[in-house]
Amino acid sequence: MKTKRISRPAALGFGAVLVFASPAMASLVVESFIEADIGVGASCLIESPGPDVANYTAVDADDPNATLDGTGNTVQIGGQDLAETQVSVRGMIGDRVMYTDLVRYENNCGVDMSVALVSGTEVGDWTGLGAEIHLSSVAAPGTRPGGAGWAGDPITVTSGGLLTNTRTGSVVIPAGESRVGAVVITAGVGADQTETNTISWTIEATNG
């Protein structure tokens, strides 16, 4: 019977492989204990009505009409119930109507916040109807939405209901200040007057 022999260099080499391979098969477990106390407080980034809400109250069906109210309802975003604010505006057939100071986004958080508006969904019959959701980059822009003092890239729904932009540019709202929200409605002569169309958006904010 033949005996298989391993030469000394081969044996050393084999042993070296075992030595270097053994740490990869080992495990290190370290356990440490942390306790987090998590509470809630009142919201510090809020929406409040701009002067358009007081200035444009409908007298009859053809008048501009602007409202902004907390509904008491909640909506699910990312599996979490969030408070809903309802904005209502009306365009006019054959016109472009600009609500230039409809909602104020107020930062009462004590730190500067970087804010953008991000669209959710749009529903309804948008035949001949389009809308833009704007956010100002300064406290009082004093210009038409889209001009100087406004964040770029408004949320946009084109005539026919195509959502072509889903996020505004980001702006910094210093602590204790607010920024203006505007809505622009374009209604062609063939716009459907029989139903109300809806677009939703969320406020996305980070500190700094």
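FYI, it's all coordinate maths here, none of it is from the lab. Computed from a predicted structure; not experimentally measured. Here the Cβ positions follow ideal geometry from the backbone for every residue, glycine too, while neighbour counts run over all protein chains shown.
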Per the C-alpha gyration tensor (a ≥ b ≥ c, the square roots of its eigenvalues), the stretch 76-183 is rounded if a/c is under 1.5, else prolate if a/b beats b/c, else oblate; here it's oblate
Ignoring GluC sites (Glu not before Pro) that are buried or in helix or strand per DSSP, and keeping those with at most 12 other beta carbon atoms within 10 Å, what is the longest stretch of the chain between them?
36-194
Report the charge-dipole magnitude of the chain in Debye, nearest 20, computed about the Cα centre from +1 at each Lys and Arg Cβ and -1 at each Asp and Glu Cβ.
2100
Alpha-carbon centroid distance for the pair the stretch 52-103 / the stretch 148-208, whole angstrom:
12
What 222 nm value per residue comes from the helices of the chain, counting each DSSP H run with n ≥ 4 as -39,500 (n - 2.57) and dividing by all residues, nearest 500 deg cm²/dmol?
-2500 deg cm²/dmol
Between 0 and 90 degrees, rounded to the nearest ten: what's the tilt of helix 8-21 against the longest Cα principal axis of the chain?
30
